[in-house]
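The values are calculated or read from the model by the stated rules, or taken from the named source; none is laboratory data. All values derive from a computational prediction rather than experimental measurement. Positions of Cβ are backbone-derived with ideal geometry, glycine not excepted, and every protein chain shown enters the neighbour counts.
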């Protein structure tokens, strides 16, 4: 939560080797990506093989929460296990004069660590609220809170935001000198996840104000 | 490429167990997701631990191509190794009357298999073009094609689209009967990755028409 968090310490596993200029351990950037995106891609092992599933999540300070149904085999496989949580924002298509120098502008965070189960009931309730607030700020003020039975059906995992890095590409294409005068449009097509008009549940007969999705950061 | 492709055969690894109604092996749906998204999250192993990185890709029929620099340690670790390629489109936030029933509308594809290196020069060139065309259709007609030196610097992997599944959630929230009259706005906030105004490279002095990003499917 604090904007004053120390940068993460690079480890052998998180040191950015490819294009290190694009790598950072700055918590402000890491938190910005985590807080803006909606979906994390969680990597874990099943029978010695990698699996990746998209999941919602929430962040509270230095902790990332994941959740799902108690019967979710993938989440169960991640309890006390090494996971890799990757969160990516695609910011634009970078079109160069040469095919080779085409690229993407993006902000991506990779977090590594051992996920642990949140058992304590109050901590679980808190994690649940953090996830709902991440998706739609203010929502826990209006939606019916989870009851004990719903909490029991939910498996919550937490991962410390401790070992990880961000990688960021911004700006236009970087073409070779000899290509600069080619008559090929070069530049960036920005991309942004944009909310459309809210669609109210047709079963709802009351007139209520629609909530607005949070803005990108 | 063919809309007549047979559905994928579910395996022990790809059978959709959680909410099986949302699972499908239909190639038309799988291909739609692959063709619409820009970024794949590729899971692979490093020293027995899972890693997930975002990558661009392209599809040609039953083959998915990934590429990167020859020195890319992550790609190198995936040669002849089991990988999991997950491609996710987030279509909307599903806001329920209860916190518990909040959800997301999404389309996600998970592909499993052993990635192999594309060595043949012509095949590599083709893969490269498929990836560029995926990002921006028509672009290989205008951009300078890759030369031999650029191809040598590029590592291309392929994965057969053979073992995998898609999972799709659409529609509004599914609340409990006793919550239906709560005065809480319920419905869907649609989300879509939207292109903004193209930004031409300021170093380009010629007046050229900007290309348009392809529309979502």
*Hits in region A:77-96 - residues which are assigned to a helix (DSSP H, G or I) and without any contact (Cβ under 8 Å) to a residue 60 or more places away in the chain*: A:77
*Looking only at region A:161-196, count how many residues are surrounded by 16 or more Cβ atoms within 10 Å (Cβ to Cβ), touching a helix residue (DSSP H, G or I) at 6+ places or on another chain (Cβ under 7 Å) and within 28 Å of residue B:204 (Cα to Cα).*
6
*Please state which one of A:213, A:123 is buried (at least 19 other Cβ atoms within 10 Å of the Cβ) and either assigned to a loop (DSSP other than H, G, I, E, B) or touching a strand residue (DSSP E or B) at 6+ places or on another chain (Cβ under 9 Å) (or both).*
A:213
*Please state which one of B:205, B:140 is free of Cβ contacts under 8 Å to residues at least 60 places away in the same chain, in a loop (DSSP other than H, G, I, E, B) and surrounded by fewer than 20 Cβ atoms within 10 Å (Cβ to Cβ).*
B:205
*Out of curiosity, is residue A:121 more than 9 Å from chain B (Cβ to nearest Cβ) and either modelled with pLDDT under 95 or within 30 Å of residue B:142 (Cβ to Cβ) (or both)?*
yes
_I'm checking my understanding of the structure. Among residues of region A:97-115 that are within 9 Å of another protein chain (Cβ to nearest Cβ) and in a strand (DSSP E or B), which one is surrounded by the most Cβ atoms within 10 Å (Cβ to Cβ)?_
A:110
*Consider residue B:94 carefully, then state whether it is touching a strand residue (DSSP E or B) at 6+ places or on another chain (Cβ under 9 Å) and facing chain A (nearest Cβ under 10 Å).*
yes
_Count - residues of region A:68-85 that are surrounded by fewer than 23 Cβ atoms within 10 Å (Cβ to Cβ), within 26 Å of residue A:137 (Cα to Cα) and under 18 Å from the mean Cα position of the chain (by Cα)_ = 1
*Given the residues B:131, B:174, which is the only one that is in a loop (DSSP other than H, G, I, E, B) and either more than 7 Å from chain A (Cβ to nearest Cβ) or under 24 Å from residue A:52 (Cα atoms) (or both)?*
B:174
_Number of the exception - residue B:199 against (1) more than 7 Å from chain A (Cβ to nearest Cβ); (2) surrounded by 14 or more Cβ atoms within 10 Å (Cβ to Cβ)_ = (1)
*Residues being facing chain B (nearest Cβ under 10 Å) and either crowded, with 23+ Cβ neighbours inside 10 Å or within 24 Å of residue B:169 (Cα to Cα) (or both): count how many of those fall in region A:47-64.*
7
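Quick check: is even one residue across region B:148-169 part of a loop (DSSP other than H, G, I, E, B) and facing chain A (nearest Cβ under 7 Å)?
Checked region B:148-169: no residue is part of a loop (DSSP other than H, G, I, E, B) and facing chain A (nearest Cβ under 7 Å).
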*Considering every residue within region A:12-27, establish whether at least one is modelled with pLDDT of 90 or more, farther than 17 Å from residue A:85 by Cα and either exposed (fewer than 15 other Cβ atoms within 10 Å of the Cβ) or at the interface with chain B (Cβ under 10 Å from one of its Cβ atoms) (or both).*
no
